[in-house]
Every structure is written in C-alpha cells, then in structure tokens.
Amino acid sequence: MSKLDFERVTVLPMDEYNQKLVANVHPENWINPQPADCYDLVVIGAGTAGLVVAAGAAGLGLGLKVALIEKHLMGGDCLNVGCVPSKALIRSSRVIGEIWKAQDLGINVSQNYDVDFATVMARLRKIRSGISHHDSAARFKNLGVDVFLGSGQFASKNTIEVDGQILKFKKAVIATGARAVKPEIRGIEAAGYLTNETVFSLIQKPHQLAVIGGGPIGCELAQAFRRLGCEVTLFHHGSHILNKEDREAAEILERVLTDEGINLVLNCQLEEVVTVTEGKQLYFSTNGKRDSVTVNEILVGAGRAPNVEGLNLEKVGVEYDQKYGVKVNDYLQTTNLNIYAAGDICMNWKFTHAADAAARIVIKNTLFSPFGLGRSQLSKLVMPWVTYTDPEIAHVGIYAQEAKKLGMEIETIKISFNNLDRAITDSEEAGFLKIHHKKGTDEIIGATIVASHAGEMISEITTAIVNKIGLSKLSGVIHPYPTQAEAIKKAADAYRRTLLTSKTKKILQFLTKLS
C-alpha cells in the first residue's frame, strides 16, 4: 500500500462541518490500496458521473475489479460547490420571499426581520457534511471499489499512473468534470472574485454584490443573495436573461428580479475592475455609455471549462478541445475505443442528472455490449432541466424556436396560471405551462413550466415523452383538485377539444338541448 504524498485538503472555513466533509470525501489519513493486476474498469474523477459508474459496476455482483481516482473532493461539484450548497442557500432565501409576500396574503409580518447570514451559511455547511457520507471514500471502499486519492494520468494505452502507482485497465472512463471559466476582464484577477467554487465559503454577507452572468447560476444566486440582504447588480451581455430559455419565461423572471430590487444591467460590456478604498469598482458600458458600480464582492457565474489538463490524453489517442472537452461518439466512446467519458467533461448538458444518466450508458456500453446485450445512445435521452429561481423555470424536449429551425411543424398549447384555481389561491398567477406537440398529432415534443415548484411538475411530461404517451391519454389522467399540476390536464383537454369535428359538435349540441 502507498501512503499519500499531498498537502492536506481544506475547505474554508475549517469548522466542524467542513472537517467532517473533508474527512468523508478526502480523508487526510487515507492510504491508497495496492493495485490489482488488472482492472475491468478504471474511472478518473469522483463527481456524479464517476461515482455512478464505479458504484454501478462494482454493484453488479459479477466480481468486477473497479478503481476510482479523485485528486480533490469526492462528490465533485454537485455535493461540494453546486447542487447541494446552492439549494440549501436558496431554501433560506425563499423564506424571505414568503415574508415579502405575507402582507398580500393577509399576514402582517414585521419587516424588521433579521437575516443571520453566518447561520444561513453554517446550515449550508451542516447539510453538505451530513450528505457527504454517500460520496465518501470509505463507502466506496465498502462497495468493493479501490479508491485512489491523487492525480491520475494515462501512462500508456492500457495503464494509468496515480500517486506513483500503475493501474492496468481493460476499459477506462474519464469523468473529470468542468470548472468555472476565468473572466477576461482587465484587473479582475488582482481585485479578486468569487465563483461557485468559492462563494459557499463566505461567512460574512457582502453588502454589495456584483453577479456576472444572467444564465441559470447567475440568476439563482443573484436572487438568493438579494433576498438575504445584499444589494445586487446582475450583469448580462445579452438583451434578456436566460438566453437559451423560452423568451416569455425569461421575461417573467426578469420582472421578478427587478421587482425584488436587483439592478439588472443588460447588453453590457464589462471592461475593468479597479480596487478602491470602498471595495471593487467595476467599469462597464451599455449602448456606448460608460458607467461603474462599487461592490464588496464579484461573483462570476458565466461559463464552464472542461478539466482536460494533466490527463496525458495525447498519449492514448483521446481527442479533446480546450473549450468543449473530450470528443465522444453517441455511445460515449472517445477516439480511443477502450476509453469512455461522461459528464461535464464531454457533454453539453451540464447537470447532475445528465451525468447520472450518461454514467448508466457507460456502464451498459463498457460491460454489457461486448456480450451482445445492445448499446445505449446519448442522443436517445430525454433531458429535463430546471432553473431554481422563484418562480422556477423547468423545461424538457425542444423549444418552439428549435422546432422552427428544424423545419418541424408544431402547435403550442398554453395554460396561463391566471386561469388555474390553485395558482390563483396561491397568488402565483404569473406562471404558465406551454406544451409543444407535432402538428396533426398528440405527440409531445417539448414543454416549459413557470411555477414555484415547476421542477416537481416537469417529470410528468418527461415521463409522457419517454413512454410516448400523447396528450389524448394524458387527458384521461385524473389530477387532484386543486393543484398547479392540473395545468397539464387542462392542456391535454384543450388538445382533445380540437379533435371535435363540426358534425360531432352539432350532435353534442343537439343532445345537450334534449337533456
């Protein structure tokens, strides 16, 4: 066995919660095992994709030899600097959102409430550490996986070197993920800035915060920090936030963010950051006019770069791009057919659930397809996603503008929440459901939902698309009344009404008169 030779990993602040986190996902006293003669599968990267591949392969009961390599924190972005901490933060901020709406609901709440930012962040760290055992080195060891902590790189066509040891493999999987892109703004490196990898280490509230990027991460964190008491300026280069999202959905969120006091700067060019006595002065231009804002902190929430460095990919014939990552085919094979990739390192979908789904494809294609049991394809996945603002914006399938580019004739059914009883009683009438279906058929090809819990609602439509359940059958599904998910039934009923011919309508009208 080999004693690790690396500096102690820390996650600031190193309080009891982060000490527990590190003890689980990168224990200081970890001793790498003696490598097996040959591994059936070696996985580089212990984020979501890597963990699912390793656990899935080891758990098949086939006696496979599986190795997992991680140089930093097991659990990857999702556990440590992504989904888990961000949703804990958002949950606290939603309480403030409810307080702001309380008076309209007949509840008089004092507006002199106190946000204990340090406690909010401590709760975040406590939740993260409490979940971390699921991704721990000890757990995966108990699952039968050989866990190696250290930097792994390909040494030859069928070997990987880690911590001075050589691991021989039959198949390998690259799952090293991605990181935040460094912004190309003059002076920002010297001034300092936060990313998703550092923002959750804050213990003091930044009174003035600049958020760069109006995509999902930027919008989620801008709203959360605004609700927690920060003055927030959100910068975005486009004419509206969430460029890739349904335009009407993005406009609803824009109004919400503005109403909540976020200074939204669109069509802007960020030019320079200068350190001043008051903090960090960020200069920008909009429509040719130069201006500036002074803040305590700058949070960069735009862009991701694949972690392709240090893997020695050229040595094993794996093609890659510094911007788009490792090149894979539809079966997630790299240009070296014995090496696969999954997750943010190679996919446009940079979601935890996408990495999970890709990992399952890799398990099947590396371990089962050689025995004639078929192969799974990335292009066959139906991928939903959610922007976890308030309201949430959830989507699955294709957008109307995509269908138009593809030359696909579609029809769209929209159910506005101002006509939905539960949304009215919840005072959430601004939301909507849009379902796109192929013209002349009830086949659903896409949907967008704007609602407080749109992420919980989108799975019904995803299930319908995956199982080819059309709007006609959805119309026969009984939904509890009153719920916001009833919008799905209303959309299906709206489709069914289009099927009534003029003759059928006359017969029904005649029967109605007789009754």
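Throughout, read-outs are computed from the coordinates displayed, never taken from laboratory work. The structure displayed is predicted, hence computed values, not measured ones. Cβ: placed from backbone, ideal geometry, glycine included. Neighbour counts: every protein chain shown.
Points worth noting:
- Qualifying aspartates and glutamates (Cα of each under 16 Å from Cα of K101; at least 8 residues distant if same chain): D259, E260, D390, D426, E428, E429
- For the chain, the Cα-based Rg and Dmax, in that order, read 25.5, 88 Å.
- The 3J(HN,Hα) values that the Karplus relation (6.51, -1.76, 1.60; θ = phi - 60°) gives for the stretch 487-495 are, in residue order, 4, 5, 5, 4, 5, 5, 5, 4, 5 Hz. Gly and Pro appear as x.
- Charge dipole magnitude, Cβ of K and R +1, D and E -1 - the chain, Cα centre, debye nearest 20: 1840
- For the stretch 391-502, the Kirkwood estimate of hydrodynamic radius, built from reciprocal distances between every pair of different alpha carbons, is 14.1 Å.
- Rounded to 5, percent antiparallel among DSSP beta bridges of the chain: 65
- For the stretch 118-231, averaging the sequence separation of C-alpha pairs within contact (under 8 Å, six or more residues apart) and dividing by the residue count gives a relative contact order of 18 percent.
- Segments 323-333, 41-51 sorted - mean Cβ within 10 Å per residue, highest first: 41-51, 323-333
- Ranked by the mean number of other Cβ atoms within 10 Å of their residues, highest first, the peptides 425-438, 478-491, 403-416, 353-366 come out as 353-366, 425-438, 478-491, 403-416.
- Put simply, the amide H of V300, placed in the peptide plane, has neighbours under 5 Å in L194, T195, I212, leaving out anything fewer than 5 places away on its chain.
- For the chain, the residue among I160, I444, Q111 whose Cα projects farthest onto the positive side of the dipole built from Cβ charges is I444.
- Our summary gives the stretch 391-502 a relative contact order of 29 percent, counting only alpha carbon pairs under 8 angstrom and 6 or more residues apart.
- Vicinal HN-Hα couplings computed from phi for the stretch 165-177 (Karplus, 6.51 cos²θ - 1.76 cosθ + 1.60; Hz; Gly/Pro x): 10, 10, 10, 8, 9, 8, 9, 10, 10, 9, 9, 8, x
- Mean Cα-pair separation over length for the chain, i.e. relative contact order, pairs under 8 Å, 6 or more apart, %: 12
- The H on the amide N of G446, modeled in the peptide plane, is under 5 Å from the matching H of I398, H436, each at least 5 residues off or on a different chain.
- Spacing of the two label points (7 Å from each Cα toward its C-beta) at L406 and W100, in nm: 3.6
- Using a cut-off of 26 Å between Cα atoms, the listed pairs K20/K171; K126/K171; K170/K315; K414/K438; K87/K323 include K20/K171; K126/K171; K87/K323 as exceeding that distance.
- A crude spin-label estimate for the pair T198 and K327, with each label 7 Å from Cα along the Cβ direction, gives 3.5 nm.
- Among the chymotrypsin sites (Phe, Trp or Tyr not before Pro) within the stretch 1-103, those in coil by DSSP and having at most 14 neighbouring Cβ atoms inside 10 Å are F6.
- Projecting the alpha carbon convex hull of the stretch 83-123 along each direction and taking the average yields 3.1 nm².
- Filtered GluC sites (Glu not before Pro), the stretch 68-172: DSSP coil and at most 13 other beta carbons within 10 Å: none
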